[in-house]
Amino acid sequence: MKNVKIRTVLMSAIAVVALGATLMMPSCKKKDTTTMTLYDSLGGTTMVADPSNSGQMIEKGRLGIRSVVDSAIFIIAADASINKYFTVLLAEVTAGNLSGFSALSKNLTDFFCVATGAKNFTYSGKNMVDAHNPATNSRISGKVDAGDFSQFINDVGASAGKNQLPSYLTARLVTVMNSVMGQVVQKIVSH
């Protein structure tokens, strides 16, 4: 009797493992994630309800990117090591003026949508060199160095984690950010 119980438990365990393995295997009907754009991997053009705008729909990919962008802005605002670049924005928000926050959110969301493969959006903000140069953008408080750029990427990564973005998608997002590093980093720090 004891052997029957052990055999039953083992067979049940094997069945559970087999079922789990079957569920984890990719279906032939699913898209190949190696050829999908990052935007597609975030939900692409599938329309969903916009939680920030009652009664409106938004592409699921854009919603995912906007969620990461918005929480990244808050993480960066709280990060004393790099929030010095955003004194104008922080002063506006402290005074209750969210227009700069809304504009930054839209521009960064548009930028990341286009950079990750979205076809239904355009980025109309400043180019990366001008956007990160106080001589051409009065909203940034200084030229960015490589260490601060790395911290920015860390903060965006923290936001991606907070928004439950899988690590392989976060890595692809970091690749997008690193692709503009040479344009954003305009201050050389000597040691």
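The values are calculated or read from the model by the stated rules, or taken from the named source; none is laboratory data. Keep in mind the model is a prediction, meaning the values are calculated, not measured. Please note: Cβ atoms are built from the backbone with ideal geometry, for glycine as well, and neighbour counts cover all protein chains shown.
Some points to look at:
- Applying the condition of being in a loop (DSSP other than H, G, I, E, B), among the aliphatic types (A, V, I, L, M) and in contact with a Phe, Trp or Tyr (Cβ under 7 Å, 6 or more places away or on another chain) to the stretch 109-146 and asking which residue is surrounded by the fewest Cβ atoms within 10 Å (Cβ to Cβ) yields ILE140.
- Members of the stretch 88-108 found to be exposed (fewer than 13 other Cβ atoms within 10 Å of the Cβ) and either under 17 Å from the mean Cα position of the chain (by Cα) or not in a loop (DSSP other than H, G, I, E, B) (or both), listed by number: ALA91, THR94, SER99, SER102
- Residue in the stretch 157-169 that is assigned to a loop (DSSP other than H, G, I, E, B), under 19 Å from LEU42 (Cα atoms), in contact with a strand residue (DSSP E or B) (Cβ under 8 Å, 6 or more places away or on another chain) and at pLDDT below 95 present: no
- Residues located in the stretch 170-188, provided they are of a type in the set (Val, Ile, Thr) and in a helix (DSSP H, G or I): THR170, VAL174, THR175, VAL176, VAL184
- Of the residues ALA49, ALA72, the single one that is touching a helix residue (DSSP H, G or I) at 6+ places or on another chain (Cβ under 6 Å) and modelled with pLDDT of 95 or more is ALA72.
- Number of residues in the stretch 149-167 that are farther than 17 Å from LEU104 by Cβ and touching a residue at least 40 places away in the same chain (Cβ under 8 Å): the value is 6.
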